[in-house]
Each structure stands twice: as structure tokens, then as C-alpha cells.
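Since the structure comes first, as C-alpha cells, the remarks are kept for the end.
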């Protein structure tokens with residue numbers, strides 16, 4: 001009997017720790033239900049994922065390496081590159097469906113797979129999503145969107161491509177109610193679609209030892225930074241947004257240090273280097289001797305390193321969704337300064353929505369007030385988080401059983 005082939009798809013291996021933790025959760029859990037399955041990953045960082053998880057990988061763009069070589073040669077005319085791209089795309093559509101004939105399932109694995117934040121052109125991520133889903137469908141594989149985020153999709157062409165990809169699915173589930181609400185608002189039929197927690201809540205292996213209980217009042221404050229320029233993530237039009245954000249963060253850091261706290265910087269993506277470096281320079285370049293030695297700024301590039309650093313905090317203030325989520329998994333109090341409704345939805349389910357602010361509208365005064373309220377709340381916050389975590393793990397086990405053991409759940 002041939003092994004079942006499961007193809008996982010997503011933006012993995014490109015420096016986003018939250019995305020990679022989502023993939024790791026799927027890779028850990030598939031063998032529990034399909035012990036003999038062959039797992040293949042299609043992603044934008046195939047070399048990183050192959051080395052980390054020891055599985056076969058493919059890039060989104062099969063001609064990626066060739067295009068890199070040619071684009072590096074400045075003597076090559078643009079028209080030749082375009083012609084080569086057209087030929088490669090035709091070849092992809094001719095060959096890829098046949099490759100899928102040996103695959104059982106094509107799974108779009110969690111993350112914000114169905115929004116266009118930071119997407120500059122519809123022919124990049126939105127088109128990649130559509131063409132891989134379509135070829136999987138043509139090849140006879142079941143197409144699954146598993147606990148994904150959806151919306152907003154601002155660009156009209158990106159919306160067309162992403163919604164067409166969603167319509168190809170045999171099974172769809174979303175990680176927050178906002179996704180369902182958004183899809184209905186743009187006329188997408190969500191009949192039969194499911195709501196399940198983010199896959200990272202099913203991650204295993206990082207909580208075996210004794211995790212220190214957060215101190216009350218907090219001594220060490222985790223600060224999750226974000227290199228943010230607005231939804232389009234375009235510095236040329238969003239620099240003023242970044243400057244306003246980093247200015248407020250510096251004020252909050254100053255308040256924390258003035259009140260005797262230790263600040264540990266937390267990053268969730270390689271692209272967050274700019275705010276990381278600016279806060280380090282701000283603190284170490286100050287003339288305040290009392291601040292020195294109370295800023296911890298360590299490198300972080302893997303899921304394990306992220307959890308290790310978060311476990312050494314007593315509270316987290318962060319913007320990235322998976323920084324917020326990972327701290328909650330360690331039963332840490334969290335203040336969210338998010339750019340997307342997904343943060344609010346998660347915090348609301350934890351009973352913590354009053355500790356949310358939007359990244360473009362937050363005030364330092366409100367941040368300080370929320371921080372002080374947490375210190376007064378004591379263990380009540382932790383008990384809320386603990387109860388919901390148990391519920392999330394149970395629900396995700398239920399979903400894995402649905403898609404891997406019971407074909408009645410497919411459309």
C-alpha cells in the first residue's frame with residue numbers, strides 16, 4: 001500500500017517565527033492520525049524548511065532559482081525575463097496537476113493566508129495561492145484551508161484570486177470569527193465552513209519542563225516589536241506611521257525603566273530588526289545610569305528560542321499575533337497593540353479584550369493604565385487563560401480527526 005501524500009502550503013521558512021510555528025504544529029500532529037503519511041511542503045523558504053524538519057520541499061515558483069540567477073544579471077533584458085516567466089507558467093499549468101495525482105490532500109496551513117497585508121502585486125502571493133489550489137484540484141487532491149485567517153483583502157484583483165482559491169476547497173476552517181464575518185461581507189458563501197483555534201495551540205514539545213510562574217507585580221516586561229508602516233507595509237508612504245509608533249514605544253520603555261522594570265525585547269520576524277535596533281540604541285545611548293543593564297536584547301530566530309525568551313517574562317506587550325498567542329500559551333498576561341482584528345478576537349476569547357489597542361491609535365497613557373490594571377488583577381488572569389488553552393487543544397484534536405480520519409466532512 002502506497003503512503004498517503006500530504007502537501008502543506010504556506011509562507012514558511014522566510015523568517016516569520018509565527019508562521020513557522022504553525023507549520024511545525026501541523027507536521028507534529030499529522031503522524032498522530034496518519035503515521036505512514038509522506039509530508040511535503042510548498043513554501044517560499046524551501047531550503048530552510050527542508051533542513052529544519054527533514055521533509056521534501058518545493059518553492060512556490062518552481063523556476064525560482066533560475067529567475068534569481070537571471071535577474072541578478074543586469075544585461076538580461078526585461079522582455080526576456082518576462083518571456084521566460086510566461087513559458088514557466090505555461091509549463092507549471094501543464095505539469096503540476098499530474099504531480100498531484102499521487103497526493104491525498106493539499107492543505108493551506110493556518111496563518112493569515114487569505115489577506116493581502118504587505119502584498120504589492122496580485123500576481124505574487126494571491127496568484128500563487130490560486131494556482132496551487134487549482135492544480136491540486138485538477139490533480140484530484142482534496143483542497144483544505146485549515147484554521148486560516150481571512151481578510152481584509154483590499155486590492156480587487158487579489159480578492160478575486162484569493163476567493164477563487166477558497167471556493168476550490170473541500171474543507172474550510174478559520175481561526176477567528178472576523179474571517180467569517182469578512183467573507184460574508186464580500187459576498188462569499190461560508191455555508192458549512194468551520195471555526196477552530198489557531199493551529200499553534202496544538203504545538204507540542206516546548207512545555208515539558210517547569211515553566212516559571214509570572215511574578216506579580218511584574219519584574220520583567222516582554223516587549224514585542226513590529227516594523228510597521230501601515231497595511232501595505234510600504235515605507236515610502238508609511239514612514240510617518242512607523243515614526244509615531246516607535247516614538248510611543250520609546251516613551252513606554254522609558255516609563256518602565258524609570259519604574260524599575262527590566263525590559264526584554266521580543267521579535268517575531270526578521271523584518272523587525274529596525275525597531276529592535278532603535279530601542280537598543282535609545283536605551284544604551286541615554287545618559288540615565290539607572291536604565292543601563294535592564295534592557296535584554298537577544299537574537300531570536302526559532303520557535304524554541306521564542307518560547308524560551310517569553311518564559312523569562314512576567315507580562316508581554318506585543319503587536320504580532322503569534323507573539324501574543326505564544327505568550328498566552330505560556331499563561332502570561334498580554335497587552336495587544338495589534339494592526340488586525342485577529343488580535344482582538346483572540347484576546348476576547350481569553351476574556352482579555354480590555355487589554356487591546358490598535359497600533360495606529362494607541363496612547364502611552366492607556367498602555368500604562370492597562371499595565372497597572374494587570375498588576376492589580378493577580379492570578380485571576382492566569383486562571384482564565386489556562387481554562388481556554390485546554391479548550392483550544394481539545395477543539396484542535398477534534399479538527400485533526402475530522403480531516404484525517406473522517407471523509408464525511410469534505411464537501
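Inspect region 197-215 for any residue being under 21 Å from residue 338 (Cβ atoms), exposed (fewer than 15 other Cβ atoms within 10 Å of the Cβ) and under 20 Å from the mean Cα position of the chain (by Cα) and give the result as yes or no. No; the residues of region 197-215 include none that is under 21 Å from residue 338 (Cβ atoms), exposed (fewer than 15 other Cβ atoms within 10 Å of the Cβ) and under 20 Å from the mean Cα position of the chain (by Cα).
On the phi < 0 side of the Ramachandran plot and in a loop (DSSP other than H, G, I, E, B): does that describe residue 189? Show your work before the answer.
Values: on the phi < 0 side of the Ramachandran plot: yes; in a loop (DSSP other than H, G, I, E, B): yes.
So residue 189 passes the test.
Pairs linking a residue in region 41-57 that is under 14 Å from residue 5 (Cβ atoms) to a residue that is modelled with pLDDT under 95 and buried (at least 18 other Cβ atoms within 10 Å of the Cβ), with Cβ atoms under 7 Å and 6 or more positions apart or on different chains, are 42/60.
Hey, among 110, 149, which residue is crowded, with 20+ Cβ neighbours inside 10 Å, in the same structural domain as residue 191 (by TED's automatic domain parsing), under 16 Å from residue 43 (Cβ atoms) and modelled with pLDDT of 95 or more?
Values: 149 fails: under 16 Å from residue 43 (Cβ atoms).
Matching residue, one of 110, 149: 110.
Can we say residue 181 is under 20 Å from residue 26 (Cα atoms) and either without any contact (Cβ under 8 Å) to a residue 12 or more places away in the chain or in the same structural domain as residue 33 (by TED's automatic domain parsing) (or both)? So residue 181 does not fit the description; no. Among the residues of region 113-141, those identified as at pLDDT 95 or above, surrounded by fewer than 19 Cβ atoms within 10 Å (Cβ to Cβ) and not in a helix (DSSP H, G or I) are 139, 140.
Name the residue that is surrounded by the most Cβ atoms within 10 Å (Cβ to Cβ), counting only residues in region 152-170 that are out of contact with any helix residue (DSSP H, G or I) (no Cβ under 7 Å at 6 or more places or on another chain) and assigned to a helix (DSSP H, G or I).
The initial filter retains those residues of region 152-170 that are out of contact with any helix residue (DSSP H, G or I) (no Cβ under 7 Å at 6 or more places or on another chain), namely 154-157, 159-160, 163, 166-167, 169-170.
Filter again for assigned to a helix (DSSP H, G or I), leaving 156-157, 159-160, 163, 166-167.
On the way: 156: 9, 157: 14, 159: 20, 160: 14, 163: 18, 166: 24, 167: 14.
So, considering only residues that are out of contact with any helix residue (DSSP H, G or I) (no Cβ under 7 Å at 6 or more places or on another chain) and assigned to a helix (DSSP H, G or I), the one surrounded by the most Cβ atoms within 10 Å (Cβ to Cβ) is 166.
Given the structure, is residue 205 in contact with a strand residue (DSSP E or B) (Cβ under 9 Å, 6 or more places away or on another chain) and under 17 Å from residue 304 (Cβ atoms)?
Numbers: in contact with a strand residue (DSSP E or B) (Cβ under 9 Å, 6 or more places away or on another chain): no; under 17 Å from residue 304 (Cβ atoms): yes.
So residue 205 does not fit the description; no.
Here's the yes/no breakdown for (1) touching a residue at least 12 places away in the same chain (Cβ under 8 Å); (2) surrounded by fewer than 20 Cβ atoms within 10 Å (Cβ to Cβ); (3) over 28 Å from residue 114 (Cα atoms); (4) out of contact with any helix residue (DSSP H, G or I) (no Cβ under 6 Å at 6 or more places or on another chain):
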site: 337; (1), (2), (3), (4): yes, no, no, yes
site: 340; (1), (2), (3), (4): yes, no, no, yes
site: 369; (1), (2), (3), (4): no, yes, yes, yes
site: 382; (1), (2), (3), (4): yes, yes, yes, yes
site: 387; (1), (2), (3), (4): no, yes, yes, yes
site: 397; (1), (2), (3), (4): yes, yes, no, yes
site: 408; (1), (2), (3), (4): no, yes, no, yes
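Elements of the type strands (runs of 3 or more DSSP E) sitting completely within region 220-321 and holding at least 3 residues that are closer than 23 Å to residue 359 by Cα and either out of contact with any helix residue (DSSP H, G or I) (no Cβ under 8 Å at 6 or more places or on another chain) or touching a residue at least 60 places away in the same chain (Cβ under 8 Å) (or both): these cover 220-224, 315-318. Quick check, is residue 212 in contact with a helix residue (DSSP H, G or I) (Cβ under 6 Å, 6 or more places away or on another chain) and either modelled with pLDDT of 95 or more or under 30 Å from residue 394 (Cα atoms) (or both)? Answer is no for this residue.
The values are calculated or read from the model by the stated rules, or taken from the named source; none is laboratory data. This is a predicted model, so every value here is computed, not measured. Cβ atoms come from the backbone with ideal geometry, glycine included; neighbour counts cover every protein chain shown.
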